[in-house]
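Since every read-out is calculated from the coordinates, none of them should be taken as a lab result. Source: prediction; values computed, not measured. All Cβ positions, even for glycine, are placed from backbone atoms using ideal geometry, and neighbour counts span all protein chains on display.
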Amino acid sequence: MDEEIVEKISTGIEGLDEMLNGGVPKGHVFTVLGTFGTGKTTLALQYIWEGVKSGDKCIFISLEEEKDEIIRTGRSYGWDFEPYINEGKIVIEKLSPADADATINKLKSDLPEFIKDFGADRIVIDSVSLLNMLSDKPREKRERLFELSQMVKQEKATTLLTAEVKDDNPTSSRDGLVEYTADGVIVLRYDQSHNKEVQMSIQVIKMRRIEHSRKIKPYEITNRGLNVQTAGEVF
Ligand SMILES: Nc1ncnc2c1ncn2[C@@H]1O[C@H](COP(=O)(O)OP(=O)(O)O)[C@@H](O)[C@H]1O
Ligand SMILES: [Mg+2]
């Protein structure tokens, strides 16, 4: 496909946009993979913050943190979501993986309807790994994930799904599914080489329909969010 006709949106992270030659293709469903503490939630909030600043309507679905905690986390990075929530530009919704029936209902009927009515431009689901706890049947998990991807794609919202990785493989999600259904996969890694400090690094593994960098680049989490050093080298 001609690179020129793919419309891209900013992730809110300058260095990552650069790695993607401008940003994420509009309407894509992409996954951010990483272990705990690599900054998946931070990246997702930064993505939403970029969205509201550019006038997008955003939905943040959390399976981990409560709404209040998310607002507090945002504030710790200097992103005050509250006025945008009050204006109806952002909706933050906590789903409880413990209450499987209610959550499945929400995902199957309330959510698609809500997304349609709300007219979301950007959606985050943090995290799909917890979503998978709703079922222990692999087939059901696969179907649910697929349904979810199809649903958000139909609504043309650009969607970020965060996912935990398998302990023994930093580039494969715990469920091993989401990277196949997603249009894009971005991996956050946490490395500690001998005698050196911990270094976090980011890589775009997959992004359908665009040319992107495959280089591994270092990043840090500051009180302004993720900062990717595109000029830097890893170790
Ligand atoms: N306000 C902040 N300023 C700087 N670093 C922060 C701030 N808040 C969190 N962090 C860093 O980000 C990490 C958490 O990132 P998070 O996005 O929650 O990761 P994940 O969702 O992958 O578990 C913390 O462990 C801390 O190192
Ligand atoms: Mg998180």
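At full extension, M133 and T171 could sit 11.7 nm farther apart than now, given 0.36 nm per residue minus the alpha carbon distance.
Can you work out the FRET efficiency for the pair K215 and F36, with r the C-beta to C-beta distance and R0 = 35 Å, to the nearest 0.05? Computed FRET efficiency for K215 and F36: 0.90. Between E18 and K67, full extension at 0.36 nm per residue minus the direct alpha carbon distance yields a gain of 14.5 nm.
The trypsin sites (Lys or Arg not before Pro) of the range 115-163 meeting both criteria, a DSSP state outside H, G, I, E and B (loop) and at most 15 other C-beta atoms within 10 angstrom of the site's C-beta, are K156. Contact order for the chain, expressed relative to its length and based on alpha carbon pairs under 8 Å spaced 6+ residues apart, stands at 29 percent.
Per the Kirkwood formula applied to alpha carbons, the chain shows a radius of gyration over Rh ratio, Rg over Rh, of 0.94. Computed extension gain for E140 through R208, at 0.36 nm per residue and net of the alpha carbon distance, reaches 21.9 nm.
Highest mean packing comes first when the peptides 200-209, 162-171 are listed by Cβ atoms within 10 Å, giving 200-209, 162-171. Between the residues A157, F146, T42, the greatest Cα displacement towards the positive end of the dipole of the chain, with unit charges on the Cβ of Lys, Arg, Asp and Glu, is found for F146.
For D56, the shell of other residues with beta-carbons less than 9 Å away shows a net charge of +2, using +1 for Lys and Arg and -1 for Asp and Glu.
Between R75 and D99, the simple label model (points 7 Å from Cα in the Cβ direction) yields a spacing of 2.5 nm. Counted by Cβ distance under 11 Å from V165, the other residues give a net charge of -1, where Lys and Arg count +1 and Asp and Glu count -1.
Summed over qualifying helices (DSSP H, 4 residues or more, each -39500 (n - 2.57)) and divided by its residue number, the chain shows a 222 nm mean residue ellipticity of -8500 deg cm²/dmol. Write out the GluC sites (Glu not before Pro) in the range 71-147 meeting two conditions: DSSP loop, and at most 16 other Cβ atoms within 10 Å of their Cβ. When the GluC sites (Glu not before Pro) of the range 71-147 are filtered for loop state and at most 16 Cβ neighbours within 10 Å, E87 remain. Checking every one of the chymotrypsin sites (Phe, Trp or Tyr not before Pro) in the range 45-146 against DSSP loop status and a limit of 13 other Cβ atoms within 10 Å picks out no site at all.
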